[in-house]
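**Student:** Please find one structure pasted underneath; my questions will follow.
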Amino acid sequence: GEDLSYVLYGSGGCSLYAADKLRALGSVDEIYEPAYVEDLDLGYRGWQRGWPTVFAAGARVLHAHRATTSRYYTEAELERVLEVNYLRFLARAIASPRLFRRLWRAAVWRLNALCAGEPRRIDALAEARHAAGWVEQQPLAAGALPEELILAIGSGQVAVFPGRPPRGKPRILIASPYAAFPLSHGGAVRMYNLMQRAAEEFDLVLVRFADQWTPPLAEMLAICMEIVLVQRVGTHWLPSRGRPDAVEEFDSPAFHAALRETVRKWRPAIAQIEFTQMAAYAGDCAGTRTILVEHDITFDLYAQMLKQKDDWETRREWKRWARFERAAWKHFDCVVTMSEKDRRTVTGVRSVCLPNGVDLERFRPSGGAPEPDRLLFIGSFAHFPNVLAIEFFLREAWPELARRGARLHIIAGSRHRYFLERHRTHLDLDQPGIEVEDFVSDVRPAYERAMVAIAPLVASAGTNIKIVEAMVMGKAIVSTPAGVNGLDVTPGRDVVIARTGPEMAGMIASLLDHPEERQTLEREARHTVERQYDWDAIARQQAELYHSLRATTE
């Protein structure tokens, strides 16, 4: 389909599709030397009026920029012209005094750096100040983006991809820090399964961050009317505003701008913000009902980690999360949690428990025999509690199991070694009997080969989707209490619970040696999931929530 990504300006006449709009903008100023800055000026003034500029993929430029300008300028002269034009653009177009000072100061510093040994550049400032045809800066029209967000949305960090045609159904906008497909982590599993089912009754629009600049996959374009990608720019510098680090990492002007423009464009009935660190975007969804999906209560998770290791950094983040998260709830119409335990924690706002589930058709026991003494752990190392879990298991339980010849298969998610370094954890995974894989697109064969699935978590919030998947695949599970946090399971019937490493090693060894005991657990676990954790039933509850929120506005 046509790419309609937001930009600051087009190419020549391609951006000037309406003469009345050109006249309303004051037409083309004559303060610029010919070097295509006129387009930037017109595009920016259009955004100030609330008229977005988009990139039309079908447009074709019939001449090359440098080939044309080289008729008039040498390379050095062209560089000077561009510097002068940029300074004139700042003075001509930027209405905010604060933004103008910041951009002008940055331009002057850049010029000073460029002028070292080349005095000819110094003339740029003098020439910019004596431009003819000054026009008073245009104030922002009602509903237009703030100027900083205009610059952000046209920065090249936002890309728009049309998906399925609109069907006239109620519109739901979903904002996420992560991709929902492929199913590389528990959050993606939840988002994709519920979005796939919601798409039958609602028109979906997705705005999400992208670490890599690749088009959305066909599986997502098939269920969304539009997908807006915002490039996540990594940095080691974070503002010191007293908010959790993850909130600062995902606070992007380009995302604020893209979200506001998408809300204005589609006017959704509901905007659903996924993950706690995205709660700062509630203010960009004005005029629509809002939902915050708490995949876990993050300050509760940090409180558990503090019990394991009380250091300055963890305690600081716990305090920040407790303050930020509780305050964030008040800016939403509803908070969705994964468990009743988490729902009771939420105060000051309507809260609903929509638990994690599993696709009962996709996940079925094969009936084949597992490999003897094979254990399975699935958990992305991007999520620090999974690293703590393996660290605990290898230290406290694995030595005894290794001596009896057990084998441990770990599926650690994409770039697991990178995340081990980031978490400053040095696990010895290069041991006999341990097999480690990165991201696996289909985990069912791994479950089928395993005799016992383990969940040795020492800290956990929300609910563990991998536990539910293991149960529905008919696998015996040995877990710590944290591993089944928030799940309605019965210890001894659905799962086996161990509180220490030696106790976990003993219970795993017992299940490996007693197939009848193991098979009884497997049957009961499957039956429990069928009764309580079917994605179809959870999707129906989500649809009821959407309708109830829409009803309050009608």
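**Student:** Considering only residues that are more than 18 Å from Ala271 (Cβ to Cβ), of a type in the set (D, E, K, R) and open to solvent by 10 Å² or more (accessible area, probe 1.4 Å), which ones fall in the stretch 318-337?
**Tutor:** Lys319, Arg320, Arg323, Arg326
**Student:** Next question. Out of all the residues in the stretch 483-491, is one or more out of contact with any helix residue (DSSP H, G or I) (no Cβ under 7 Å at 6 or more places or on another chain), at pLDDT 90 or above and open to solvent by 10 Å² or more (accessible area, probe 1.4 Å)?
**Tutor:** The answer is yes; a qualifying residue exists.
**Student:** Restricting the search to the stretch 235-249, which residues are in contact (Cβ under 8 Å) with a residue 60 or more places away in the chain and either outside any loop (DSSP other than H, G, I, E, B) or open to solvent by less than 10 Å² (accessible area, probe 1.4 Å) (or both)?
**Tutor:** Residues satisfying the conditions are Pro244, Asp245, Val247.
**Student:** For the stretch 276-362, which fully contained strands (runs of 3 or more DSSP E) count at least 2 residues that are in contact (Cβ under 8 Å) with a residue 24 or more places away in the chain?
**Tutor:** In the stretch 276-362, the matching strands (runs of 3 or more DSSP E) lie at 289-294, 334-337.
**Student:** Let me ask something else. Quick check on the stretch 428-444: of everything there that is under 19 Å from Arg374 (Cα atoms) and within 28 Å of the chain's Cα centre (by Cα), which residue is least open to solvent (accessible area, probe 1.4 Å)?
**Tutor:** Looking at the filtered set, the residue picked out is Val443.
**Student:** Is it true that some residue in the stretch 492-513 is open to solvent by 60 Å² or more (accessible area, probe 1.4 Å) and within 32 Å of the chain's Cα centre (by Cα)?
**Tutor:** No, the stretch 492-513 contains no residue that is open to solvent by 60 Å² or more (accessible area, probe 1.4 Å) and within 32 Å of the chain's Cα centre (by Cα).
**Student:** Another one. Of the residues that sit in the stretch 466-479 and are open to solvent by 10 Å² or more (accessible area, probe 1.4 Å) and not small (Gly, Ala, Ser), which one is farthest from Asn193 (Cα to Cα)?
**Tutor:** Among residues in the stretch 466-479 that are open to solvent by 10 Å² or more (accessible area, probe 1.4 Å) and not small (Gly, Ala, Ser), the one farthest from Asn193 (Cα to Cα) is Lys475.
**Student:** Is at least one residue of the stretch 55-63 modelled with pLDDT under 70, more than 28 Å from Lys265 (Cα to Cα) and open to solvent by 30 Å² or more (accessible area, probe 1.4 Å)?
**Tutor:** Checking the stretch 55-63: at least one residue is modelled with pLDDT under 70, more than 28 Å from Lys265 (Cα to Cα) and open to solvent by 30 Å² or more (accessible area, probe 1.4 Å).
**Student:** Continuing with the same structure: Please give the strands (runs of 3 or more DSSP E) falling wholly within the stretch 412-513 in which 2 or more residues are touching a residue at least 12 places away in the same chain (Cβ under 8 Å) and out of contact with any Phe, Trp or Tyr (no Cβ under 8 Å at 6 or more places or on another chain).
**Tutor:** Because the criterion is at least 2 residues that are touching a residue at least 12 places away in the same chain (Cβ under 8 Å) and out of contact with any Phe, Trp or Tyr (no Cβ under 8 Å at 6 or more places or on another chain), the strands (runs of 3 or more DSSP E) in the stretch 412-513 that meet it are 434-437, 476-479.
**Student:** Report, by residue number, each residue of the stretch 530-541 that is open to solvent by 10 Å² or more (accessible area, probe 1.4 Å) and assigned to a helix (DSSP H, G or I).
**Tutor:** Within the stretch 530-541, Glu530, Arg531, Gln532, Asp536, Ala537, Ala539, Arg540, Gln541 meet the criteria.
**Student:** Trp213 versus (1) closer than 23 Å to Leu4 by Cβ; (2) outside any loop (DSSP other than H, G, I, E, B); (3) not hydroxyl-bearing (Ser, Thr, Tyr): which is the lone unmet condition?
**Tutor:** With (1) closer than 23 Å to Leu4 by Cβ; (2) outside any loop (DSSP other than H, G, I, E, B); (3) not hydroxyl-bearing (Ser, Thr, Tyr) applied to Trp213, the lone miss is (2).
**Student:** Give the residue that is nearest to the chain's Cα centre (by Cα), with candidates limited to residues of the stretch 251-306 that are open to solvent by 20 Å² or more (accessible area, probe 1.4 Å) and among the acidic types (Asp, Glu).
**Tutor:** Only one residue fits best here, namely Asp251.
**Student:** Scan Arg98, Arg88, Arg80 and give me the residue that is at pLDDT 65 or above, of a type outside the set (A, V, I, L, M, F, W, C) and exposed (fewer than 12 other Cβ atoms within 10 Å of the Cβ).
**Tutor:** Every option except Arg98 fails the conditions.
The values are calculated or read from the model by the stated rules, or taken from the named source; none is laboratory data. Predicted, not measured: the structure shown is a model, and the values here were computed from it. A quick note on method: Cβ atoms are made from the backbone with ideal geometry, for glycine too, and the neighbour counts reach across all protein chains shown. Side chains included, ligands, DNA and RNA excluded: accessible areas come from the protein's heavy atoms. Shrake-Rupley method; radii C 1.70, N 1.55, O 1.52, S 1.80 Å.
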